[in-house]
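Asks: Have a look at the structure that comes next, please.
The values are calculated or read from the model by the stated rules, or taken from the named source; none is laboratory data. Since this is a predicted model, take the numbers as computed values, not measurements. Cβ placement follows ideal geometry from the backbone for every residue including glycine, while neighbour counts extend to all protein chains displayed.
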């Protein structure tokens, strides 16, 4: 079977299923596992070159709607009459469902079922290991600095926060992604700031600029030195690699 993945999280689901060998092409941002770096690239995930995808003669394209603007990829797939499935999870349960869905689409129904259950078991194991604590630190997750975008209550980062005994300060927003401003973040006064700028490598993120925002020096997170520059690849992609991010966050908040 010939598979093309046009989103990094989809590529990582293929890896979790142990089916990387079926991939014949990936989007430009798919960078894990390292073996996919040698595959033909079909463009950035928001503007896939469907001519290149078609040339690879895929039996299946793993598409996504996880980022606004990806809709045009679906339109182009339709125009080219290429076989595809769409993944668009917001919760950990939905990621598990997508593992099952990809396995099914590959003709590996039992494997998909087994790995979907394994993913949920691993989450449960991590939660079980976390010691009960009355204190619940508040976390501010920054997806983008200006304008500010942050996960709301319907995103996996709210679940991940809860799993480690913490709380997303925007969990009360009944959306997956919420646009806010510096003043509102300051008002909510988080214990920790988690910088996970989408598409930006850790070395390019500048905590010192965050500290200089108007009156942010008064916030608990900054007073206590709790600004964390984290790998967006472990926290912003709806894939099984969130397990690695979850383990890392557990260590940070000990």
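Asks: Go through segment 146-160 and give me each residue that's without any contact (Cβ under 8 Å) to a residue 24 or more places away in the chain and either under 16 Å from residue 196 (Cα atoms) or out of contact with any strand residue (DSSP E or B) (no Cβ under 9 Å at 6 or more places or on another chain) (or both).
Replies: Taking segment 146-160 and keeping what is without any contact (Cβ under 8 Å) to a residue 24 or more places away in the chain, we get 146, 153, 158.
If the condition is that a residue be without any contact (Cβ under 8 Å) to a residue 24 or more places away in the chain and either under 16 Å from residue 196 (Cα atoms) or out of contact with any strand residue (DSSP E or B) (no Cβ under 9 Å at 6 or more places or on another chain) (or both), then 146, 158 are the ones that fit.
Asks: Take the conditions without any contact (Cβ under 8 Å) to a residue 24 or more places away in the chain, in contact with a helix residue (DSSP H, G or I) (Cβ under 9 Å, 6 or more places away or on another chain) and surrounded by fewer than 20 Cβ atoms within 10 Å (Cβ to Cβ) and apply them to residue 204. Does it pass?
Replies: On the way: without any contact (Cβ under 8 Å) to a residue 24 or more places away in the chain: yes; in contact with a helix residue (DSSP H, G or I) (Cβ under 9 Å, 6 or more places away or on another chain): no; surrounded by fewer than 20 Cβ atoms within 10 Å (Cβ to Cβ): yes.
Spelling it out, it is not the case that residue 204 is without any contact (Cβ under 8 Å) to a residue 24 or more places away in the chain, in contact with a helix residue (DSSP H, G or I) (Cβ under 9 Å, 6 or more places away or on another chain) and surrounded by fewer than 20 Cβ atoms within 10 Å (Cβ to Cβ).
Asks: Within the group 33, 40, which residue is surrounded by fewer than 19 Cβ atoms within 10 Å (Cβ to Cβ), closer than 29 Å to residue 246 by Cα and assigned by TED's automatic domain parsing to the domain that holds residue 121? Spell out the reasoning first.
Replies: On the way: 40 fails: closer than 29 Å to residue 246 by Cα.
Residue meeting the stated conditions: 33.
Asks: From the list 101, 81, which one is out of contact with any helix residue (DSSP H, G or I) (no Cβ under 8 Å at 6 or more places or on another chain) and either more than 29 Å from residue 248 (Cβ to Cβ) or not assigned by TED's automatic domain parsing to the domain that holds residue 180 (or both)? Walk me through how you get there before you give the answer.
Replies: Values: 101 fails: out of contact with any helix residue (DSSP H, G or I) (no Cβ under 8 Å at 6 or more places or on another chain).
Answer to the check: 81.
Asks: To continue, here is another question. Working carefully through the options 27, 45, find the one that is closer than 25 Å to residue 143 by Cα, modelled with pLDDT under 95, touching a helix residue (DSSP H, G or I) at 6+ places or on another chain (Cβ under 9 Å) and surrounded by 19 or more Cβ atoms within 10 Å (Cβ to Cβ). Don't jump to the end; show me each part of the working.
Replies: Numbers: 27 fails: modelled with pLDDT under 95.
Result: 45 is the single residue among 27, 45 that is closer than 25 Å to residue 143 by Cα, modelled with pLDDT under 95, touching a helix residue (DSSP H, G or I) at 6+ places or on another chain (Cβ under 9 Å) and surrounded by 19 or more Cβ atoms within 10 Å (Cβ to Cβ).
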